[in-house]
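Since the structure comes first, as structure tokens, the remarks are kept for the end.
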Amino acid sequence: MAKKTEERKHALLSASSAKKWLHCTPSARLEDALPDEQSPYAAEGSLAHSICELKLAKQFTDKNMSDRTYKSRLGKLMKDPLYDKEMDGFTDDYAEYITGIAYNFPSAPYVAVEKKVDYSLWAPEGFGTCDCILIHGNEMHVCDFKYGKGKPVSSYENPQLMLYALGAWNAFRMIYPIKRVTLHIIQPRIDNTSFWEVSVEELLRWGEETVKPQALKAFQGEGECIQGEWCDGCFCRLSATCRKRAEENLSLMADAENPPGTGAPLMKLPPQLGNDEVGALLKKAQFLKAWVNKLEAYAQGEILAGRDVPGWKLVEGRSNRVIQDMDAAYEALQQAGYPEAALYRMQPLPLGELEKMLNPEHRKVLDGYIVKPPGKPTLVPEDDKRPAISAASIAEGAFGGENAYKKGE
């Protein structure tokens with residue numbers, strides 16, 4: 001997202017990369033020395049944020065905005081090459097979510113959209129832009145819109161939102177007696193929303209005890225590089241070429257020959273690894289696949305840029321045949337005597353497109369037919385926040401059952 005990219009350009013300790021510099025403190029300075037290039041996904045997210053901002057401004061912060069002005073501004077955004085129709089629906093979902101929070105208060109709350117907040121009391125020169133802040137009495141809500149459709153983002157102990165909340169509390173504490181803060185993630189493209197409540201007391205304790213010491217080390221470029229989910233989840237620009245990461249991943253070769261805790265080479269042990277050894281090796285290898293993928297992408301990028309990567313070259317991959325001009329080809333086939341119906345296959349619309357086409361009344365008709373089957377079992381470390389599933393629940397989910405989710409329940 002461009003907004004988050006701008007944050008990185010101007011704030012060394014940006015909120016959006018907080019998970020990274022809180023764990024791997026040297027990363028902020030190391031990345032700062034590299035050129036910052038905006039990805040197409042960031043540009044797409046920036047456009048979606050701009051549409052969100054316009055919709056919330058019309059609803060809350062610019063009551064004098066006429067319908068004509070709103071339509072004109074929205075029209076300009078819709079001319080962007082990255083715009084597509086579904087973006088309008090997903091930004092509507094976000095605006096409706098924020099409206100729902102606002103309408104739950106007994107009276108109109110204070111609403112700030114795209115509010116710059118300063119959290120430099122805890123992280124040197126730290127600031128960022130919060131998507132939406134709502135305050136009513138002693139209650140504050142901090143909301144972040146995610147347009148990505150990759151991994152679901154959770155609000156639980158989310159350091160980006162917690163830093164925004166610290167900055168927002170500091171900005172408004174003299175006006176509002178804020179005691180409770182609710183952090184919200186709205187990620188509509190994958191139907192992921194979550195919220196987490198924290199007291200201001202807990203938030204300030206986290207800022208003093210966790211953020212301050214780590215932020216100081218990060219600002220000074222001190223500490224050790226540490227591999228973790230933040231390497232890829234926070235889009236570290238050193239994720240492919242970090243030497244510490246390479247050393248940790250390559251040490252797996254030694255562990256495979258001499259499994260942790262055995263004290264003996266593999267040939268003196270049974271020919272098959274035990275589950276305790278598998279668990280220990282997987283714990284260390286959990287980031288290996290992502291690192292190798294990043295390493296390959298980096299090498300390919302270097303060669304495409306005209307720089308040599310010794311031992312490697314680019315070749316033409318497998319290609320499939322395609323029709324160069326579909327309309328012209330199908331017209332020629334029809335002229336040759338093939339009926340149009342024989343050349344096309346009618347298929348149902350995907351659920352997301354179907355829901356956007358229906359009016360609210362007809363959506364209720366569809367709701368009775370919508371189920372959400374269990375997701376594919378995914379192996380994760382035991383400290384993952386999601387509850388474990390059993391073999392029995394997997395079997396039950398595969399064949400339905402009374403516990404099958406239905407929309408509206």
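The values are calculated or read from the model by the stated rules, or taken from the named source; none is laboratory data. Note that the coordinates shown come from a computational prediction; the quantities given were computed from them, not determined experimentally. Ideal geometry is used to build each Cβ from the backbone, glycine not excepted, and the neighbour counts take in all protein chains shown. We work out accessible area using only protein heavy atoms, side chains counted, and drop any ligands, DNA or RNA first. Shrake-Rupley method; radii C 1.70, N 1.55, O 1.52, S 1.80 Å.
Of the residues that make up segment 297-306, is at least one open to solvent by 100 Å² or more (accessible area, probe 1.4 Å), free of Cβ contacts under 8 Å to residues at least 12 places away in the same chain and within 25 Å of Cys231 (Cα to Cα)? Yes, segment 297-306 contains at least one residue that is open to solvent by 100 Å² or more (accessible area, probe 1.4 Å), free of Cβ contacts under 8 Å to residues at least 12 places away in the same chain and within 25 Å of Cys231 (Cα to Cα). Can you tell me which residues in segment 168-194 are more than 13 Å from Ile135 (Cα to Cα) and in a strand (DSSP E or B)? Scanning segment 168-194 gives His184, Ile185, Ile186, Gln187, Asn192, Thr193, Ser194.
Filtering segment 344-368 to residues that are open to solvent by less than 90 Å² (accessible area, probe 1.4 Å), of a type in the set (A, V, I, L, M, F, W, C) and not in a helix (DSSP H, G or I) leaves Leu349, Leu358.
Kindly indicate whether Glu316 is open to solvent by 70 Å² or more (accessible area, probe 1.4 Å), closer than 30 Å to Arg237 by Cβ and out of contact with any Asp or Glu (no Cβ under 6 Å at 6 or more places or on another chain).
Taking the combined requirement at face value, the residue satisfies it.
Among residues of segment 204-243 being of a type in the set (Ser, Thr, Tyr) and outside any helix (DSSP H, G or I), the one that is most open to solvent (accessible area, probe 1.4 Å) is Thr241. Only one of the numbered conditions (1) open to solvent by 70 Å² or more (accessible area, probe 1.4 Å); (2) touching a residue at least 60 places away in the same chain (Cβ under 8 Å) is not met by Gln335, and that is (2). Pick from segment 37-73 the residues that are aliphatic (A, V, I, L, M) and more than 16 Å from Glu96 (Cβ to Cβ): which of them is surrounded by the fewest Cβ atoms within 10 Å (Cβ to Cβ)? Within segment 37-73, the match that is surrounded by the fewest Cβ atoms within 10 Å (Cβ to Cβ) is Met65.
For segment 4-47, the set of residues classified as modelled with pLDDT of 90 or more, within 18 Å of the chain's Cα centre (by Cα) and part of a loop (DSSP other than H, G, I, E, B) consists of Ser14, Ala15, Ser16, Ser17, listed by residue number. Selection of first residues in segment 373-393 that are of a type in the set (A, V, I, L, M, F, W, C) and of second residues that are outside any loop (DSSP other than H, G, I, E, B), restricted to Cβ pairs under 9 Å at least 6 apart or on distinct chains, gives the following pairs, ordered by first then second residue: Leu379/Leu282; Ile389/Gly397.
Can you find a residue that is aromatic (Phe, Trp, Tyr) and in contact with a Gly (Cβ under 6 Å, 6 or more places away or on another chain) anywhere in segment 167-180?
no
Among the residues of segment 113-154, those that are free of Cβ contacts under 8 Å to residues at least 60 places away in the same chain, open to solvent by less than 10 Å² (accessible area, probe 1.4 Å) and more than 12 Å from Ala15 (Cα to Cα) comprise Ile133, Leu134, Ile135, Met140, Val142, Cys143.
Within segment 320-332, the set of residues being exposed (fewer than 10 other Cβ atoms within 10 Å of the Cβ) and touching a helix residue (DSSP H, G or I) at 6+ places or on another chain (Cβ under 7 Å) comprises Ile323 only.
The residues on offer are Glu197, Glu201, and the sole one that is open to solvent by 20 Å² or more (accessible area, probe 1.4 Å), of a type in the set (Asp, Glu), out of contact with any Gly (no Cβ under 6 Å at 6 or more places or on another chain) and part of a helix (DSSP H, G or I) is Glu201. Residue check: Gln59 meets all listed conditions (1) within 19 Å of Lys116 (Cβ to Cβ); (2) part of a helix (DSSP H, G or I); (3) polar (S, T, N, Q) but one, namely (1). Inside segment 74-112, residues that are open to solvent by 60 Å² or more (accessible area, probe 1.4 Å), assigned to a helix (DSSP H, G or I) and of a type in the set (Ser, Thr, Tyr) make up a count of 1. The criterion of being among the charged types (D, E, K, R), surrounded by fewer than 18 Cβ atoms within 10 Å (Cβ to Cβ) and touching a residue at least 12 places away in the same chain (Cβ under 8 Å) holds for Arg189.
Against the condition modelled with pLDDT under 95 and among the charged types (D, E, K, R), how does Lys149 come out, does it pass?
yes
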